[in-house]
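Heads up: the structure comes next, in structure tokens.
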Amino acid sequence: MLIHPSKLLCTLLFFLSFSIHAAVTAKLDQSTIYQGEKLTLTLETDQTNQNRPDLRALQKDYVILSTKKVTLSSHSTNAVITRNRWVLSLRPIGDGEKVIPSIKVGTEVSPEVSLSVLPAEQNPHPSEGALRPIYLEVELNKEEVYIGGQAILSARIFHLTTLSQDTNLSQPESIDALIKPLEEQKKYTTVVRGQRYTVTENNYAVFPRQEGMIEISPLFLSTTLANDTVLELNSPPQLLSVLPPTYNNSNTLWLPAKSLHIEDNLSDIHHASAGTAFTRIISMEAEGLPASDLPSLSVLENELAEIKLLNVILEEQMTERGVISQRTEELVITPSEAGEITLPPIDIPWWNTLNDQGQTASLPSRILLTSAPSASDRASPVNNNAHSTPHPSNQTPELLIWLLTAISIISALGWIYSFNQLRILKNDSKQNETEIAQEQTMRKQAANEIAEKNTFQALSMACNQNNPTIAQLRLIEWAQSFWNDPLLLSLEHICERANNQTFTFLILDLEQYLYSQSAELWQGDLLLDTIEKLRQRQQRLIAMEEDDNPTYG
């Protein structure tokens with residue numbers, strides 16, 4: 001049976017039109033755009049099911065900003081035709097010739113669509129909010145900081161292409177702050193609004209020197225683009241609120257830091273020899289402070305030793321977190337005599353900016369036992385007056401007689417002298433024992449006086465720094481040395497021993513600050529003045545006793 005050609009043509013056209021009608025269409029609102037701009041992709045199909053487009057193929061080269069589905073209906077020849085349309089807002093990643101890939105919707109697949117993305121710097125009329133080929137971003141890591149504390153200023157250059165060799169970024173400046181550049185320039189990539197930028201970052205540590213609101217100068221960036229256009233950018237000035245110290249006293253250190261600790265090299269040294277020098281190295285490390293702000297650590301006065309400051313080394317390490325500084329002091333200590341050398345404790349108050357509270361870095365007191373220097377072997381005396389025994393045949397009898405007589409006289413005189421010395425030693429033995437006991441007592445008293453001076457020096461430092469916690473500890477140490485009583489273990493016992501109303505009142509004031517957690521600053525000057533008066537009164541009593549009971553050597 002033959003089919004007429006006209007009928008065959010109609011049948012083919014029918015199936016072809018059905019196939020075209022059932023396919024997924026894809027259209028772009030524009031075929032050429034500039035980098036960073038958006039475009040609209042429209043997918044349409046007449047499938048009646050609820051299948052959604054599979055957009056995974058788009059995610060490699062495009063950022064999908066939004067999707068919207070629209071259902072369209074039309075009537076013709078007593079039939080209703082329904083079509084589904086998806087409208088997608090896209091932003092291409094990068095520039096160059098690109099393709100909208102085939103997208104599957106149900107059993108149908110859309111065709112590929114070509115797209116040309118031009119570089120952003122070639123856009124002659126960039127719209128507001130359009131992608132910029134280069135831009136500068138400057139920010140502080142905090143809005144407020146304590147005076148002397150550390151803030152981090154970051155300057156980031158975002159660029160789509162490699163920066164030209166003539167690119168220049170100015171340094172931040174401020175008349176009210178010390179600014180130090182941190183670690184070397186960093187480079188990394190990030191995606192901004194669908195575009196992969198290279199970021200060149202510079203960081204600076206800012207240490208304010210003035211309270212109130214301070215200003216950091218704008219940063220200036222100049223560079224040349226690929227089309228030989230010179231681009232100049234200015235950042236806005238940065239404002240930083242600077243807080244005053246939590247306590248304010250001329251005798252008190254103010255060290256706002258993230259961390260701070262002290263150490264030395266004497267933990268394994270417990271013995272020294274008089275006249276022989278040894279080296280003590282004390283080091284302090286602080287995070288978030290410049291090295292120039294670290295205080296001195298050494299006490300150069302001691303009754304039993306000569307202490308000289310040999311060297312001071314200040315070092316700074318620039319890290320991503322900021323400045324880590326170190327102060328190292330090298331001391332040469334030469335014991336002057338045998339006994340106990342007490343090196344007083346070192347207490348450095350500082351403000352922890354992480355938990356916003358005061359702390360104290362302490363190095364405990366060191367006690368070194370000093371022995372007398374070992375005596376060198378003495379050379380045996382040589383008798384140069386010795387004579388050889390004369391040969392009897394060479395000497396006359398008269399010379400021999402005179403020689404024996406002289407020897408007898410010398411021996412007799414030696415016996416007489418020895419007997420006299422023994423008698424003197426016997427008569428003076430009791431007096432010598434008494435003098436030795438007195439000397440031991442004086443040495444013990446001198447050691448107690450040195451310990452009292454050292455503990456008082458540590459107590460003075462705690463009072464001048466207005467630190468009630470450390471002052472309590474140093475006060476107990478001083479009282480034990482001052483009254484030579486190791487059983488004085490509390491402030492109550494010390495008040496009973498002092499028997500002074502003013503002293504007792506100031507101790508009660510100290511305890512109030514210790515246990516009430518008052519926000520007000522404790523002042524240690526009055527307590528220190530009262531202790532000075534107690535020491536002066538004790539010295540006068542000792543002087544009066546020495547006048548009433550003079551000691552003769």
**Asked** Can you give the accessible area of ARG497 in Å² (nearest 10), computed on protein heavy atoms with a 1.4 Å probe?
**Response** 100 Å²
**Approximate spin-label separation ILE307-LEU514, in nm, with each point projected 7 Å along Cα-to-Cβ** = 2.6 nm
**Complete:** Between ILE100 and residues 5 or more places away or on another chain, the pairs with built amide H atoms under 5 Å apart involve VAL113, SER114, LEU115
**Message:** How large is the Kirkwood hydrodynamic radius of the stretch 476-525, counting all unique pairs of alpha carbons, in Å?
**Reply:** 11.8 Å
**Asked** Modelled label-to-label distance, ASN355 and THR246, 7 Å Cα→beta-carbon offset: nm?
**Response** 1.1 nm
**Message:** Students often forget the sequence filter, so: which lysines lie under 16 Å Cα-Cα from LYS444 once same-chain residues fewer than 8 apart are removed?
**Reply:** LYS453
**Message:** A 27 angstrom limit on the alpha carbon distance is what I want to check against. Which of LYS27/LYS60; LYS60/LYS142; LYS98/LYS186; LYS38/LYS68; LYS258/LYS308 exceed it?
**Reply:** LYS60/LYS142; LYS98/LYS186; LYS258/LYS308
**Message:** Just to confirm, what accessible area per residue do you get for the stretch 316-357 at 1.4 Å probe, in whole Å²?
**Reply:** 40 Å²
**Prompt:** Order of 289-299, 325-335 by packing, highest average Cβ count within 10 Å first?
**Reply:** 325-335, 289-299
**Complete:** Of every hundred units of 1.4 Å-probe accessible area on the stretch 151-288, the number belonging to carbon and sulfur atoms, as a percent, is 48 percent
**Item:** Residue order for LEU115, LEU136 - accessible surface, 1.4 angstrom probe, largest first
**Value:** LEU136, LEU115
**Item:** Probe 1.4 Å - accessible area at TRP483, Å² to nearest ten
**Value:** 40 Å²
**Extension gain from ILE424 to ILE410, taking 0.36 nm per residue of separation minus the Cα-Cα distance** = 2.9 nm
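Using the heavy atoms of the protein chains alone and a 1.4 angstrom probe, what is the accessible area of the stretch 138-276 per residue in square angstrom?
Per residue, the stretch 138-276 has an accessible area of 52 Å².
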**Request:** Give the carbon-plus-sulfur fraction of the accessible surface of the stretch 407-537 in %, rounded to a whole number; probe 1.4 Å, heavy atoms of protein chains only.
**Result:** 56 percent
**Prompt:** Among 58-66, 361-369, how do they line up from the highest to the lowest mean number of other beta-carbon atoms within 10 Å?
**Reply:** 361-369, 58-66
**Prompt:** For LYS533, which aspartates and glutamates qualify as cross-link partners when the Cα separation must be under 15 Å and same-chain residues fewer than eight apart are set aside?
**Reply:** GLU452, ASP525
**Prolate/oblate/rounded label for the stretch 140-271 (Cα gyration tensor, a/c 1.5)** = prolate
**Message:** For the pair SER336/LYS187, report the inter-label distance in nm, with labels modelled 7 Å from Cα in the Cβ direction.
**Reply:** 6.4 nm
**Asked** For the stretch 477-540, with every protein chain kept in place, what is the accessible area per residue (1.4 Å probe, Å²)?
**Response** 64 Å²
**Asked** Given a Förster distance of 45 angstrom, what is the FRET efficiency for SER365 paired with ARG537, based on the Cβ-Cβ distance and rounded to 0.05?
**Response** 0.95
**Request:** Any aspartates and glutamates with Cα under 13 Å of the LYS104 Cα? List them, leaving off those in the same chain fewer than 8 positions away.
**Result:** GLU44, ASP54, GLU112
**Complete:** The long-range amide H neighbours of VAL63, using H built 1.01 Å from N in the peptide plane and a cut-off of under 5 Å, are ARG91, ILE93
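The values are calculated or read from the model by the stated rules, or taken from the named source; none is laboratory data. Predicted, not measured: the structure shown is a model, and the values here were computed from it. Positions of Cβ are generated from backbone atoms using ideal geometry, with glycine treated the same way; all protein chains shown enter the neighbour counts. All accessible areas refer to the heavy atoms of the entire protein, side chains included, with ligands and DNA or RNA removed. Shrake-Rupley method; radii C 1.70, N 1.55, O 1.52, S 1.80 Å.
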